[in-house]
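Below you will find the structure I want to go over with you.
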Amino acid sequence: MKSIAVKNIKGRPARSVILVVISMLLTFAIFGGTMVISSLDSGLSALENRLGADIMVVPFEATTQKKFDDIVLQNAPGYFYMDNARVQQVLEREGIAQASEQFFLASASASCCSVAVQIIGYDPETDFTITPWIKKSYSDSLGELDVVVGNDLNAFVGDTISFYGVDCKVAAKLDKTGTGFDTAVFTTKDTIKRLIQSSVDLGMNIFGKVDPENTVSCIMINAAAGFTPEEVVNDINLHVKNVKAIQSKELISGVSDSLGGVSGIIRVLICAVWILGVVILLLAFTMSVNERRKEFAVLRVAGAARSRLAGIVLGEALMICIIGSILGVLLGFAVILPFNGVIEQALGLPFLLPGAGRCAGYALASLLLCTLSGTLAAAVSALRISRIDTGVILRGDN
Amino acid sequence: MILSASGLTKSFYRKTANSNRFTAVDDVSIELKDGVLTVLMGRSGSGKTTLMNMLSGLLQPSSGSVELDGKDIYSLGDKELSRLRNRSFGMIPQGQTAVSSLDIFENIMLPFFLYKDSTPQDEEYARELMKRLDIAHLEAAKPAELSGGELRRMAIARAVVRKPMVIFADEPTGDLDDENTSVVFEFLKESAHQGAAVMVVTHENDAKSYADTLLEMKSGKIV
Ligand SMILES: Nc1ncnc2c1ncn2[C@@H]1O[C@H](COP(=O)(O)OP(=O)(O)O)[C@@H](O)[C@H]1O
Ligand SMILES: [Mg+2]
């Protein structure tokens, strides 16, 4: 014969299902919420890494573009240029340890992409922000007309994509980053200059007849030892005309503020759901045990010790909570894994799922926490039933 | 084998004009001997159930003692006393006492189920009891499907399945028809003759004819 707790669970399927569902929702809320918060945190640090430099210098007129933040933070399609003279003046300033130029171009239409994508060119000789990312997926250096595509783009290694009539080969596809990296295309300085030239030749460049050899979109800079990024930014803005130096910290402060707000709300919600769930389980277990007081008295008459009664109540709760928590974690995965793109769009924030190990850790922790709190909620009933006054209950239906 | 109680008293909190205590059982001494069917009668509220609960180890007396073969059962800890109840006492409480999630056979085997110590012979005996009590065909049924008389017979089978030394029955025929009533008394009488000490609390006048010892309670005392 199976244990009495198992029999009780099976004997009252409706009650058991309701309890399982409650503990499932409790676990789902805690696990799902934690996953979202952690994904937002990873998204933010991915964004910080994506910038990868203390300072970004752009042509002054670019900062008045409405989409400026989206272009530099999310790799939204869009571009702006400054000439080499301005770049040279910037590079002559003090306090610069590393500097590398980048070149932007938005594609008009490409076979891979239903919408325009941002193409970003970097200088392999000086670059320190993009290469480390690409290195994770592609260790060779990019050849002429080779491109690396973001994870969300519908193009695969070996494919050919055409930009402004120039065929480029997909040399690598990046890992998922949860940022604008996922929808961008990366290539070298030399390749992007050919693409810019081609856009000019086709009359499709919004700046008309620009000279690719004399255009730079932005300069990424790291401050040298002994200089704070703030000092370097102020120095550049004071002495170089028609450029704008911006601290990366400032650029992402908008994002990190709203991220802090969203995670704060989710944290409060998790707490509320947790308290509510525990209270509901507490009531549900109390009701389920109260309703069976007479049955517990019968067990006592048949020779069950007080501790045994408590054990049966706890055993029932433990089984219900374990089953519920496992289902809750599975539900969490089932919602977050396939829909993380939707969640990212809905929140409008960078969203990067933690790695498998961290996910498993959160799953296990939520499982333990919910099982523990559910069982603790049942402990109240267990304690009460162990103090049962069998005599009173058996007199009960005189 | 003898269950003997001396000076058993139980009082409950109850506010009256001149005191806060109400004495439900008042200085009762009683002996239950093997082979003897004791019938305890008395008006409702006279303290019969309270006395029986104290004798069966379910209710701690306010004073007095209950001894099984000279050993004070209330000196035992809860675990030991529970095990003693499980092994040596069979009780048929008032009212319905089925565990709804167990089927009839499992309900009857409950005393073994609790300690997971049944043998095939025990199961055989349980089936034999079910035959004698005419509920063999209900073995796999759930309590909700049974009538009052069938449930009562199930409770009787459960009380005796471990062949206890003492059998307590609290108004076992209260809600039964005449036919079921005589089945129950016959069965209890037979159990006594097989060597158990049996105590039956009842209103039933017919019970007198089955009694080896007839006692009456009035206001907490045996008269
Ligand atoms: N737990 C209790 N608390 C207060 N009063 C009780 C309790 N149990 C029994 N009594 C009182 O003790 C008296 C005897 O009760 P009981 O033993 O059930 O009588 P009987 O079984 O003879 O009908 C009753 O007046 C009842 O109200
Ligand atoms: Mg009574």
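The values are calculated or read from the model by the stated rules, or taken from the named source; none is laboratory data. Given the structure is predicted, the values throughout are model-derived calculations rather than measurements. We place every Cβ from the backbone using ideal geometry, glycine too, and count neighbours over all the protein chains shown. Please note that ligands, DNA and RNA were not included when accessible areas were found on the heavy atoms of the full protein model with its side chains. Shrake-Rupley method; radii C 1.70, N 1.55, O 1.52, S 1.80 Å.
Those residues that are among the hydrophobic types (A, V, I, L, M, F, W, C) and open to solvent by 70 Å² or more (accessible area, probe 1.4 Å), I need them from segment A:342-379; list them, please.
Scanning segment A:342-379 gives A:V342, A:A346, A:A356, A:L364, A:L368, A:L369, A:L372, A:L376.
A further question follows. Please pick out the residue among B:G42, B:G64, B:G90 that is more than 16 Å from ligand 1 (Cβ to nearest atom) and in contact with a strand residue (DSSP E or B) (Cβ under 6 Å, 6 or more places away or on another chain).
Exactly one residue qualifies, and that residue is B:G90.
If a residue must be assigned to a helix (DSSP H, G or I) and touching a strand residue (DSSP E or B) at 6+ places or on another chain (Cβ under 8 Å), how many such residues does segment A:156-183 contain?
Taking segment A:156-183 first, the residues assigned to a helix (DSSP H, G or I) are A:180-183.
Among the residues that remain, those that are also touching a strand residue (DSSP E or B) at 6+ places or on another chain (Cβ under 8 Å) are: A:180, A:183.
Matching residues across segment A:156-183 total 2.
Another question, then. Which of the residues belonging to segment A:86-95 are open to solvent by less than 60 Å² (accessible area, probe 1.4 Å) and either closer than 23 Å to A:L47 by Cβ or in a helix (DSSP H, G or I) (or both)?
Hits for segment A:86-95 are A:R86, A:V87, A:V90.
Scanning segment A:1-46 for residues that are polar (S, T, N, Q) and open to solvent by less than 30 Å² (accessible area, probe 1.4 Å), which turns out farthest from the other protein chains (Cβ to nearest Cβ)?
Step by step, filter segment A:1-46, then rank; the result is A:S42.
Now, a different point. I need the full set of residues from segment B:108-121 which are touching a Phe, Trp or Tyr at 6+ places or on another chain (Cβ under 9 Å) and not small (G, A, S), in order please.
B:T119, the sole residue that qualifies.
Does A:V148 satisfy the condition of being outside the structural domain of A:Q345 (by TED's automatic domain parsing), modelled with pLDDT under 85 and open to solvent by less than 10 Å² (accessible area, probe 1.4 Å)? Reasoning before the result, please.
Numbers: outside the structural domain of A:Q345 (by TED's automatic domain parsing): yes; modelled with pLDDT under 85: no; open to solvent by less than 10 Å² (accessible area, probe 1.4 Å): yes.
The answer is no for A:V148.
Quick check on my filter: what residues within segment A:51-108 are over 20 Å from A:F207 (Cβ atoms) and either among the hydroxyl-bearing types (S, T, Y) or under 24 Å from the mean Cα position of the chain (by Cα) (or both)?
The answer is A:L51, A:G52, A:A53, A:D54, A:D69, A:L73, A:Q74, A:S100.
Follow-up. Given the condition within 12 Å of chain A (Cβ to nearest Cβ) and acidic (D, E), answer yes or no: does some residue in segment B:72-85 qualify? Steps first, please.
Our first condition is that a residue be within 12 Å of chain A (Cβ to nearest Cβ); within segment B:72-85, this holds for B:76-85.
Now restrict to residues that are acidic (D, E): B:78, B:80.
Yes, the conditions are met somewhere in segment B:72-85.
Here's another thing I want to ask about it. Looking only at segment A:380-392, which residues are open to solvent by 10 Å² or more (accessible area, probe 1.4 Å) and free of Cβ contacts under 8 Å to residues at least 12 places away in the same chain?
Listed by number, the residues that qualify are A:D389, A:V392.
Looking at segment B:1-24 only, could you name the residues that are of a type in the set (G, A, S) and either outside any strand (DSSP E or B) or touching a helix residue (DSSP H, G or I) at 6+ places or on another chain (Cβ under 9 Å) (or both)? If you could, list the steps in order and put the result at the bottom.
Narrowing segment B:1-24 to residues of a type in the set (G, A, S): B:4-7, B:11, B:17, B:19, B:24.
Matches in segment B:1-24: B:A5, B:A17, B:S19, B:A24.
Table: residues versus (1) at pLDDT below 90; (2) more than 30 Å from B:I167 (Cβ to Cβ).
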{"position": "A:D235", "(1), (2)": "no, yes"}
{"position": "A:G261", "(1), (2)": "yes, yes"}
{"position": "A:E291", "(1), (2)": "yes, no"}
{"position": "A:G303", "(1), (2)": "no, no"}
{"position": "A:G315", "(1), (2)": "no, yes"}
{"position": "A:M319", "(1), (2)": "no, yes"}
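Can you find a residue that is closer than 23 Å to A:I388 by Cβ, within 12 Å of ligand 1 (Cβ to nearest atom), open to solvent by 20 Å² or more (accessible area, probe 1.4 Å) and away from every other protein chain (no Cβ under 11 Å) anywhere in segment B:23-38?
Looking through segment B:23-38, none of the residues is closer than 23 Å to A:I388 by Cβ, within 12 Å of ligand 1 (Cβ to nearest atom), open to solvent by 20 Å² or more (accessible area, probe 1.4 Å) and away from every other protein chain (no Cβ under 11 Å).
Return the only residue of B:S147, B:S100, B:S118 being farther than 30 Å from B:I2 by Cβ and facing chain A (nearest Cβ under 9 Å).
Details: B:S147 fails: facing chain A (nearest Cβ under 9 Å); B:S118 fails: farther than 30 Å from B:I2 by Cβ.
Exactly one residue qualifies, and that residue is B:S100.
Moving on to the next point. Which of the residues spanning segment A:297-322 are within 9 Å of another protein chain (Cβ to nearest Cβ) and either open to solvent by 40 Å² or more (accessible area, probe 1.4 Å) or outside any loop (DSSP other than H, G, I, E, B) (or both)?
A:A297, A:V298, A:L299, A:R300, A:V301, A:R306, A:S307, A:R308
Counting only residues that are surrounded by 13 or more Cβ atoms within 10 Å (Cβ to Cβ), among the hydrophobic types (A, V, I, L, M, F, W, C) and out of contact with any strand residue (DSSP E or B) (no Cβ under 8 Å at 6 or more places or on another chain), give me the helices (runs of 4 or more DSSP H) lying completely in segment A:184-293 with at least 3 of them.
Output list reads A:248-290.
Can you pull out every residue in segment A:352-398 that is touching a helix residue (DSSP H, G or I) at 6+ places or on another chain (Cβ under 8 Å), part of a helix (DSSP H, G or I) and within 16 Å of ligand 2 (Cβ to nearest atom)?
Across segment A:352-398, the qualifying residues are A:T390, A:G391, A:I393, A:L394, A:R395.
Also, I was wondering about something else. If I filter segment B:83-105 down to residues being more than 16 Å from ligand 2 (Cβ to nearest atom) and hydrophobic (A, V, I, L, M, F, W, C), which single residue comes out as nearest to the chain's Cα centre (by Cα)?
So, considering only residues that are more than 16 Å from ligand 2 (Cβ to nearest atom) and hydrophobic (A, V, I, L, M, F, W, C), the one nearest to the chain's Cα centre (by Cα) is B:F89.
Say whether the condition of being more than 16 Å from ligand 1 (Cβ to nearest atom) and either at pLDDT 95 or above or over 18 Å from the mean Cα position of the chain (by Cα) (or both) is met by at least one residue in segment B:186-196.
Scanning segment B:186-196 turns up no residue that is more than 16 Å from ligand 1 (Cβ to nearest atom) and either at pLDDT 95 or above or over 18 Å from the mean Cα position of the chain (by Cα) (or both).
Which one is farthest from ligand 2 (Cβ to nearest atom), of the residues in segment B:8-39 that are among the small types (G, A, S) and touching a strand residue (DSSP E or B) at 6+ places or on another chain (Cβ under 9 Å)?
By that ranking, first place goes to B:G35.
I would also like to ask the following. Among B:L214, B:L151, which is the only one that is more than 16 Å from ligand 2 (Cβ to nearest atom), over 26 Å from B:E123 (Cα atoms) and out of contact with any Cys (no Cβ under 7 Å at 6 or more places or on another chain)?
Only one candidate passes the filter, namely B:L214.
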